[in-house]
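Everything below concerns the one structure shown next.
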Amino acid sequence: MATSTPTSSSLPSLHDFFSPGGALSRSSLPYEFRRGQLEMARAVERALEDHHHLIVEAGTGTGKTLAYLLPALRTGRRIIISTGTKNLQEQLFFKDVPFLESMMGPLRVCYMKGRGNYLCRHKLYALRDQPILNGLEKIDQFHQIAQWEKKTETGDRAEIDELPENSPLWAKLDARSEACLGAKCPDYERCFITEMRRKALESDVIIVNHHLFFADLAIKLQAKAAPDAGVLPEAAAVIFDEAHELEDVASSYFGISLSNVRFEEVARDVEAMLRKKQAFSGGIQGAVELLRERSRMLFAVLPQGPDGRMPFNGRDDFLETHGDIYLGATNALHRLEGELERTRGVDEATGLKKRVGDIREHLRFLLEADERNTVFWIERRSAGGFKTASRNTYLQATPIDVSAMLSELLFENYPSVILTSATLTVQSGFAHIRKRLGMRDARELVVPSHFRYQEQALLYLPPEMPDIRDANYQAEAARRIRRVLSITRGRAFCLFTSYQQMRELHDRLRSELDYPFLLQGTAPRKALLEQFRNTPNGVLFGTSSFWQGVDVQGEALSCVIVDRLPFAVPTDPVVAARMRAIEDVGGSPFFEYQVPSAVITLKQGFGRLIRSLEDRGVLMLLDPRIMRQRYGKVFLESLPPYRVTQDIGEVERFFAVV
């Protein structure tokens with residue numbers, strides 16, 4: 001990060017930068033004046049100057065990142081910019097900021113991710129001194145990390161290309177706060193988190209992601225949190241890009257999650273402390289063994305079910321039947337807390353005692369709390385490989401409505417909060433997103449896309465499709481997809497609302513079409529995207545993770561196919577609770593929650609297709625409800641102005657145009 005930086009007053013005005021003949025037109029970027037970009041930049045600058053909140057839907061191609069970056073830098077005050085995806089976060093810091101610096105000189109901007117992305121030197125040195133690794137792969141990874149630690153300036157694991165995304169070794173070495181010693185750590189001054197905080201305090205703009213922002217906010221809200229638990233400094237304003245994700249991200253961090261994994265991790269870390277200090281304590285070891293035994297009993301008697309999410313409604317009945325097992329787990333936690341309290345001269349003991357206490361409090365809340373605005377549920381996930389498959393169980397508590405919390409903690413806490421995304425409106429209005437987020441007093445702006453959707457995109461709605469519940473639906477969907485892919489010569493995303501539908505249609509079509517098929521789950525998402533970009537005529541089958549945050553420009557992606565309107569599963573515990581809450585106050589959960597949420601998701605999915613002025617392509621939706629149900633009008637009126645057809649001949653003619 002540079003030490004010599006331009007002052008806010010020396011930066012160009014918005015007019016001098018964005019207007020015809022301005023600095024942007026003289027830059028290395030292909031330039032075409034975009035009135036919406038300048039309009040958005042002016043709205044952002046006014047909101048920051050006047051301490052107002054602002055919500056902006058900026059259509060794809062607006063150039064919204066520059067439209068908020070320059071106003072943020074011109075304030076001369078510290079601004080946090082939060083993104084929904086890592087891709088956008090990296091684009092801002094590694095592409096947009098260097099571009100501005102090439103024109104204006106060094107800028108004071110830093111880039112921060114969650115603590116789990118950074119190496120803890122203290123843990124690395126402890127593992128080096130007390131090696132307990134087994135397996136050649138782990139030993140090789142340890143040596144890679146140890147060599148990298150000597151030269152890295154950031155400690156960000158993304159710098160190690162060879163490290164697998166799910167490396168179990170990294171979990172033992174990352175800088176997550178629950179095991180942090182804070183200022184007592186002997187490596188505190190050389191700590192990557194300490195250095196990251198220093199950079200943030202020296203920066204005018206801090207680029208983070210939604211997960212880090214709300215994790216940091218949740219940590220600071222805890223009454224017992226250590227003073228240095230958070231990493232983000234105070235700021236004059238927050239700009240949220242990809243703001244359509246805020247409700248779900250905030251809900252996850254304002255809730256509570258407790259798993260068998262968390263019990264095992266704290267037991268393992270207590271044992272590691274004993275080995276490291278060579279201070280074997282029969283009392284602590286016995287307490288750890290008791291905790292393991294009691295926690296396994298507790299998770300064994302929880303309501304059973306397949307992998308996935310299920311409601312946990314009968315907590316009173318559960319306690320009446322299994323209260324002794326619950327008390328056994330609570331007592332085991334109390335005992336371990338007491339043993340750690342009596343441990344002297346070991347810095348790690350204080351942090352471990354707090355972690356055990358947090359688990360005890362979270363367990364009490366999850367099984368005893370009577371919170372009207374909270375839904376309690378259970379999630380089960382498979383872990384390990386095929387031969388060693390096991391299941392982890394997560395007890396969860398999630399706020400049903402986060403609007404009041406966000407109103408108090410976000411919108412009343414910051415003088416200016418700016419929300420932007422390409423997909424925030426439903427039928428051209430912000431009512432849905434404002435209600436869900438508790439954003440009352442805010443200016444509004446809709447900036448139409450710079451793209452010529454009428455010329456660049458064709459929305460094909462195949463006629464006479466069977467109802468999605470009809471037994472013939474899958475076969476007919478496969479037939480229509482096969483026909484369109486033959487016209488487009490592959491080059492398509494096929495997006496599905498469930499894994500089962502994705503796999504069924506992938507397997508059915510793979511033997512019928514001679515195009516390279518890529519299937520979500522067979523490789524990491526980033527690798528699949530790179531393979532798709534580099535594979536002529538590729539067809540990628542994906543679910544939710546490919547509906548947003550994916551940018552493939554050019555002919556490689558010429559078609560996006562969506563199987564069904566992306567309504568949230570009504571039996572999902574959180575969705576069901578939110579629908580009940582709306583119904584309880586006399587509202588219509590379907591029209592007030594399910595339809596608007598599905599509209600925004602569909603806009604995101606279709607938004608994968610047209611990413612530049614040169615892109616052309618066809619969108620196909622196989623769900624006949626968009627034409628047959630009255631709510632279909634809401635979807636059609638909320639989408640960009642695509643040309644719409646039910647004639648497959650038009651699709652053929654569209655691709656016949658050179």
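The values are calculated or read from the model by the stated rules, or taken from the named source; none is laboratory data. Small disclaimer: the values here were computed from a predicted structure and weren't measured. So basically every Cβ, Gly included, is an ideal-geometry build from the backbone, and we count neighbours across all protein chains shown.
Conditions tested, residue by residue: (1) out of contact with any Lys or Arg (no Cβ under 8 Å at 6 or more places or on another chain); (2) among the charged types (D, E, K, R).
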{"residue": "153", "(1), (2)": "yes, yes"}
{"residue": "165", "(1), (2)": "yes, yes"}
{"residue": "168", "(1), (2)": "no, no"}
{"residue": "182", "(1), (2)": "yes, no"}
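Each residue in the stretch 27-41 was checked for being part of a helix (DSSP H, G or I) and either buried (at least 16 other Cβ atoms within 10 Å of the Cβ) or small (Gly, Ala, Ser) (or both), and 6 pass.
Residues that are out of contact with any His (no Cβ under 7 Å at 6 or more places or on another chain), among the small types (Gly, Ala, Ser) and part of a loop (DSSP other than H, G, I, E, B) within the stretch 426-449 comprise 428, 438, 449, listed in sequence order. The single condition among (1) in a loop (DSSP other than H, G, I, E, B); (2) surrounded by fewer than 19 Cβ atoms within 10 Å (Cβ to Cβ); (3) in contact (Cβ under 8 Å) with a residue 60 or more places away in the chain that residue 423 does not meet is (2). If you go through the stretch 233-280 and keep only what is of a type outside the set (Ser, Thr, Tyr), part of a helix (DSSP H, G or I), in contact (Cβ under 8 Å) with a residue 40 or more places away in the chain and touching a Phe, Trp or Tyr at 6+ places or on another chain (Cβ under 7 Å), you end up with 246, 249, 250, 260. Out of everything in the stretch 164-202 that is assigned to a loop (DSSP other than H, G, I, E, B) and small (Gly, Ala, Ser), what residue ends up being surrounded by the fewest Cβ atoms within 10 Å (Cβ to Cβ)? It comes out as 167.
Residues 216, 161: which one is buried (at least 19 other Cβ atoms within 10 Å of the Cβ), within 24 Å of the chain's Cα centre (by Cα) and without any contact (Cβ under 8 Å) to a residue 40 or more places away in the chain? Before you say what the answer is, go through the steps one by one.
Numbers: 161 fails: buried (at least 19 other Cβ atoms within 10 Å of the Cβ).
Being buried (at least 19 other Cβ atoms within 10 Å of the Cβ), within 24 Å of the chain's Cα centre (by Cα) and without any contact (Cβ under 8 Å) to a residue 40 or more places away in the chain holds for just one of 216, 161, which is 216.
Just to be sure before I move on: is residue 626 in contact with a Pro (Cβ under 9 Å, 6 or more places away or on another chain) and more than 19 Å from residue 544 (Cα to Cα) in the structure I sent?
Considered against the rule, which asks whether it is in contact with a Pro (Cβ under 9 Å, 6 or more places away or on another chain) and more than 19 Å from residue 544 (Cα to Cα), residue 626 comes out as no.
Taking the criterion of being in contact with a Gly (Cβ under 8 Å, 6 or more places away or on another chain), buried (at least 18 other Cβ atoms within 10 Å of the Cβ) and under 17 Å from residue 544 (Cα atoms), would at least one residue in the stretch 608-615 satisfy it? Scanning the stretch 608-615 turns up at least one residue that is in contact with a Gly (Cβ under 8 Å, 6 or more places away or on another chain), buried (at least 18 other Cβ atoms within 10 Å of the Cβ) and under 17 Å from residue 544 (Cα atoms).
The single condition among (1) part of a helix (DSSP H, G or I); (2) under 30 Å from residue 252 (Cβ atoms); (3) free of Cβ contacts under 8 Å to residues at least 60 places away in the same chain that residue 570 does not meet is (1). Determine, yes or no, whether residue 126 is part of a helix (DSSP H, G or I), of a type in the set (A, V, I, L, M, F, W, C) and buried (at least 21 other Cβ atoms within 10 Å of the Cβ). When the stated conditions are applied, residue 126 does not pass them.
Taking the residues in the stretch 546-567 that are modelled with pLDDT of 95 or more and under 20 Å from the mean Cα position of the chain (by Cα) as candidates, determine which candidate is surrounded by the most Cβ atoms within 10 Å (Cβ to Cβ). Per the stated criteria, the residue is 566.
Which one of these is at pLDDT 90 or above and within 21 Å of residue 439 (Cα to Cα): 239, 207? Talk me through it step by step, then tell me what you get.
On the way: 207 fails: within 21 Å of residue 439 (Cα to Cα).
That would be 239, the only listed residue that is at pLDDT 90 or above and within 21 Å of residue 439 (Cα to Cα).
Just to be sure I understand the filter: pairs with C-beta atoms under 8 Å, separated by 6 or more residues or on different chains, first member in the stretch 13-25 and at negative phi and surrounded by 13 or more Cβ atoms within 10 Å (Cβ to Cβ), second member assigned to a loop (DSSP other than H, G, I, E, B) and of a type in the set (Phe, Trp, Tyr). Which pairs pass? Once the first residue is at negative phi and surrounded by 13 or more Cβ atoms within 10 Å (Cβ to Cβ) and sits in the stretch 13-25, its partners that are assigned to a loop (DSSP other than H, G, I, E, B) and of a type in the set (Phe, Trp, Tyr) give 18/33; 19/33; 24/31; 25/31; 25/33.
From 543, 522, 535, grab the single residue that is of a type in the set (Ser, Thr, Tyr), surrounded by 16 or more Cβ atoms within 10 Å (Cβ to Cβ) and more than 24 Å from residue 476 (Cβ to Cβ).
Values: 543 fails: more than 24 Å from residue 476 (Cβ to Cβ); 522 fails: surrounded by 16 or more Cβ atoms within 10 Å (Cβ to Cβ).
Just one listed residue meets the conditions, 535.
Just one of (1) within 17 Å of residue 360 (Cβ to Cβ); (2) surrounded by fewer than 18 Cβ atoms within 10 Å (Cβ to Cβ) fails for residue 301. It is (1).
Where strands (runs of 3 or more DSSP E) sit wholly within the stretch 450-520, those with at least 2 residues that are of a type outside the set (A, V, I, L, M) and assigned by TED's automatic domain parsing to the domain that holds residue 569 occupy 492-495.
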